[in-house]
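The values are calculated or read from the model by the stated rules, or taken from the named source; none is laboratory data. Everything numeric in this text was worked out from a predicted model, so none of it was measured. Here Cβ is always computed from backbone atoms with ideal geometry, including for glycine, and neighbour counts include all displayed protein chains.
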C-alpha cells in the first residue's frame, strides 16, 4: 500500500477541480488528521503526484465533463481505499456504506483520469489534448516530498495556464480590433457619399430647368451645367419623365443626409471601442506578470468591449475562435434575436441553412438587400414590436436605407424557396405578406446600439 495515499482513507471528499489546459486533476479530502488536497498531473503539460496547499488559480467550470463527473460520483463520498497499482496508476474507492464509484488517475504526459462505477464500468474517461508545446513540468523527475511535488505541480500549472489564457485572450482581442477597424472603414466609406449630396441636388435642379428639352423615352441626357460650367451626362429611366426623375435625385440626396447623423454616431462609437480594445491589448502584451486576478480583470474588460467568452478557447496551446457566422445578430424588442444576412452568399446560407421552417423571414420589397430572420418557437407568432424591429433592419440593410417609406416582404421560412438556377441571394416567396414601414430614427438607433458582436 502507498503510505501517502493511505492518509486519505476514512476522509470525505469535499471538492474536485480540473485545469484542462495543463492536465491537473485534484480532489480535496477532509481526513481525520486535517484536510488533504491531492493533485495529479495527467498531462500534457504537468505530470506527477503530490499534496497541494491550495486549489489551482485556473479551474474548469462545473459544466466541464470531468468536473461534473467528479462532483456527481466523488464529492460527498467517503474514501474507502486509496492505493497505487503496479502500472503506477492511483486508485481511489469511494462510497458511504459501500463502494459506489472508483477513480483511476494515471499520471503522465499522455495520462488519463477515469470515473468508474462499483462494477468497474467506465462512466467517463478524460485526458488532456496532445500539444506541441515542449515545456512540460514533471514532478516525478524531481526528488522531494509529496508536499514539494504537489506545490510544484500547482504552481507550474497556474503559470502555464495563465500564459495560455493570456495568449488566447490577446488573439481574440486582436481579431476583434480587426473587425472594428473594418467597420470604421466601411462607415467612413458611407460618409464619403455625403460628397454626392450637392451633385445630386444640382442634377435635380438642372433636370427641372431643362426637362422640356429632353425627348420622352430618352435613356440619356446631356445637361448644360449653368452653375459650374460645362455639361453633365445623366442616365435616365425611359419610363419616367424628367420632373419625376428630378424628384428621385432630390430624394436620394435627402436620404444620404438623413443617414449621416446615424453614421457619424456609429463611427464615433466604433472609434472609441477600437481605441479601448487596442489599449487593453497593449496592456496584455506588455509583459506584466499573469496572476489570476489580473487575467480576470482583463477578461471582464474584454467582455465589456464586446468580445464573447466563446471566442477564446484554449486548446492545443492556441486560441480557437468561433467560426464565422453568415449573419449579423441584433437584439430586438424583448431581447429577442434578429439575424441579418451579411451579403448575397450569406443570405442564401442564412435562409437555407440557419433559419428553421417555422422562423419568420423578411426582405425589403423591391430593393437589393439582406435577408432577415427572426427565430421563433414553433407555433408562436411574432410580436408586433419585434416584427417592426426586424422590418426596420431589413430596410436599413438594403438600398432603401434612409427612405421615408418602404415596404417589407415577410413570410414564414417554409414558404421561401430557392429556385433552381437562380442567382446568389435570390429566392421566391409564396404566401407573401407586406408591411408598410415609415422612417423611425429612434427605433433604428436603438437597434444599431443592440448589435451583438461576433
Sort through 201, 210 and tell me the only one that's more than 36 Å from the chain's Cα centre (by Cα), modelled with pLDDT of 85 or more and in a helix (DSSP H, G or I).
210
Quick test for you: out of 21, 9, pick the one residue that is within 19 Å of residue 59 (Cα to Cα) and in a loop (DSSP other than H, G, I, E, B).
21
Among the residues that make up segment 238-259, is at least one of them buried (at least 18 other Cβ atoms within 10 Å of the Cβ), within 21 Å of residue 181 (Cβ to Cβ) and at pLDDT below 80?
no
Counting only strands (runs of 3 or more DSSP E) wholly inside segment 370-441, the ones holding at least 2 residues that are farther than 15 Å from residue 359 by Cβ are 405-412, 433-438
Examine segment 268-277 for a residue that is out of contact with any strand residue (DSSP E or B) (no Cβ under 8 Å at 6 or more places or on another chain), at pLDDT 80 or above, farther than 21 Å from residue 172 by Cβ and assigned to a helix (DSSP H, G or I), and state whether such a residue exists.
yes
Test residue 226 against the stated conditions and say whether it is over 24 Å from residue 446 (Cα atoms) and touching a helix residue (DSSP H, G or I) at 6+ places or on another chain (Cβ under 9 Å).
yes
Scan segment 140-159 and tell me whether some residue there is at pLDDT below 90, in contact with a strand residue (DSSP E or B) (Cβ under 7 Å, 6 or more places away or on another chain) and over 17 Å from residue 8 (Cβ atoms).
yes
